[in-house]
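A.B. asks: Okay, here's the structure, questions in a sec.
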Amino acid sequence: MSDHNNHKEEQHGKKPGTKREMSRRQFLSYTLGGAGGFMAAGMMIPMIRFAVDPVLQKKKASDWVKVVEESKISNVPQSFTFQVHQVDGWYESDVELLAWISKDSKGNILALNPTCKHLGCTVNWNDNPAYKDQYYCPCHGAHYTPEGKNLAVAPKPLDEYTTKVENGFVYVGQLHANTRV
Ligand code: FES
């Protein structure tokens with residue numbers, strides 16, 4: 001009807017566009033378009049939030065894992081396995097890790113990661129008669145001191161875990177570059 005009126009106004013010499021009323025078609029199109037946009041935003045916001053949420057979440061501070069009684073630790077490295085809960089974006093898992101734990105000459109606890117710093121094989125303690133009282137990697141012959149210092153092949157010392165002793169137990173925390181050597 002309004003289209004018809006507009007047409008009539010043009011026919012009677014009125015300038016179109018000076019004061020135009022909204023047609024029913026325009027009204028419906030704006031209303032439905034606005035409602036549609038509102039509903040789409042309502043659906044999209046949770047999806048966007050789900051997509052970026054893990055990225056925005058603050059990383060949890062390192063969790064300590066109880067590994068062994070302190071009384072069992074000597075200056076001879078021993079290997080211990082422990083489990084950590086890992087969160088990688090949307091994927092959560094429990095991973096079993098290994099540490100070589102010993103006491104240094106001052107009685108401080110040292111927990112070394114067994115991953116060779118050459119190409120990632122696993123080192124063992126006192127495993128090769130040619131390198132007595134050292135960590136040795138069977139893949140390409142890297143060897144390390146009891147504190148993890150790299151003596152050959154590997155470009156860096158073995159990484160170490162943060163450690164603490166609480167109520168007679170050794171706890172390990174985050175892995176980091178070796179600070180002893
Ligand atoms: S990976 Fe250990 S020596 Fe190459």
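A.B. asks: Measure off, as a whole percent, the carbon and sulfur share of the 1.4 Å-probe accessible area of segment 84-176, all protein chains present.
C.D. replies: Carbon with sulfur: 48 percent of the solvent-accessible area.
A.B. asks: State, to one decimal in nm, how far the label point of Leu151 lies from the label point of Tyr91, with both points 7 Å from Cα in the Cβ direction.
C.D. replies: Once both label points are built, they end up 3.8 nm from each other.
A.B. asks: How do 86-92, 123-129 rank on mean C-beta neighbours within 10 Å, highest first?
C.D. replies: So the order, starting with the most tightly packed, is 123-129, 86-92.
The values are calculated or read from the model by the stated rules, or taken from the named source; none is laboratory data. Every value quoted in this text rests on a predicted model; they were computed, and no experiment measured them. Cβ sites come from the backbone with ideal geometry, for glycine too, and all protein chains shown count toward neighbours. Just so you know, the surface numbers come from the protein's heavy atoms only, side chains and all, with ligands and any DNA or RNA stripped out. Shrake-Rupley method; radii C 1.70, N 1.55, O 1.52, S 1.80 Å.
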